Amino acid sequence: MPGLSNYQALVEARSCANNLHCQTSVNCPTGTVALSGGYQSQAPGDADINYTASFPIGFGTGQGWFVSVMNRSGRLLEFNIHVVCAAAVQAP
């Protein structure tokens, strides 16, 4: 029966200096693909921090997850980027 194996939820800390547009990504381990992902701000609700993109990278290959943020908060922004990865199991 087809399904998933090697399921992993990865979280990596990132930072973005004030007045910068930062782009970052997290890759899935070899042999797995990204099922979902996103970000978690350490400054929720701050109007001067704009997450401008959050999507899978690899154009159909599921390589990992990409996040883009514009920081105009006047301070260093710290955030987490998440990706859930797994390997597909083929039917016998």
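How far apart, in nm, are the 7 Å Cα→Cβ label points at ALA13 and VAL89?
Those two pseudo-labels are separated by 3.6 nm.
At 0.36 nm per residue, and after removing the present C-alpha to C-alpha distance, how many nm does the segment from LEU76 to TYR51 gain when stretched out fully? Could you put the intermediate results ahead of the total?
Numbers: separation 25, 0.36 × 25 = 9.00 nm, distance 1.46 nm.
Additional length available on full extension: 7.5 nm.
Which far-off residues, 5 or more places away or on another chain, put their amide H under 5 Å from the one on TYR51, with H placed in the peptide plane?
For TYR51, whose amide H was placed from the backbone, the distant partners under 5 Å are MET70.
I'd like the Karplus ³J(HN,Hα) series for region 14-24: coefficients 6.51, -1.76, 1.60, θ = phi - 60°, whole numbers in Hz, and an x wherever there's a Gly or Pro.
9, 9, 9, 5, 4, 6, 10, 9, 9, 10, 8
Which whole-number percent gives the relative contact order of the chain, counting Cα pairs below 8 Å spaced six or more residues apart?
Working: 240 pairs, mean separation 45.0, N = 92.
Once divided by the residue count of the chain, the mean separation gives 49 percent.
Residues with amide H under 5 Å of LEU76's amide H, sequence separation 5 or more or different chain, H placed in the peptide plane at 1.01 Å from N; which?
Under 5 Å from the amide H of LEU76: ASN18.
Given Cα positions, please report Rg to Rh for region 3-87, the hydrodynamic radius being the Kirkwood one. Please report the intermediate quantities before stating the final value.
On the way: Rg = 13.7 Å, Rh = 13.2 Å.
Result: Rg/Rh = 1.04.
We did not get these values from a lab; they are worked out from the coordinates using the rules stated. Quick caveat: nothing in here was measured; it's all calculated off a predicted structure. Methodologically, a virtual Cβ is constructed for each residue, glycine included, from the backbone with ideal geometry; neighbour enumeration extends over all protein chains shown.
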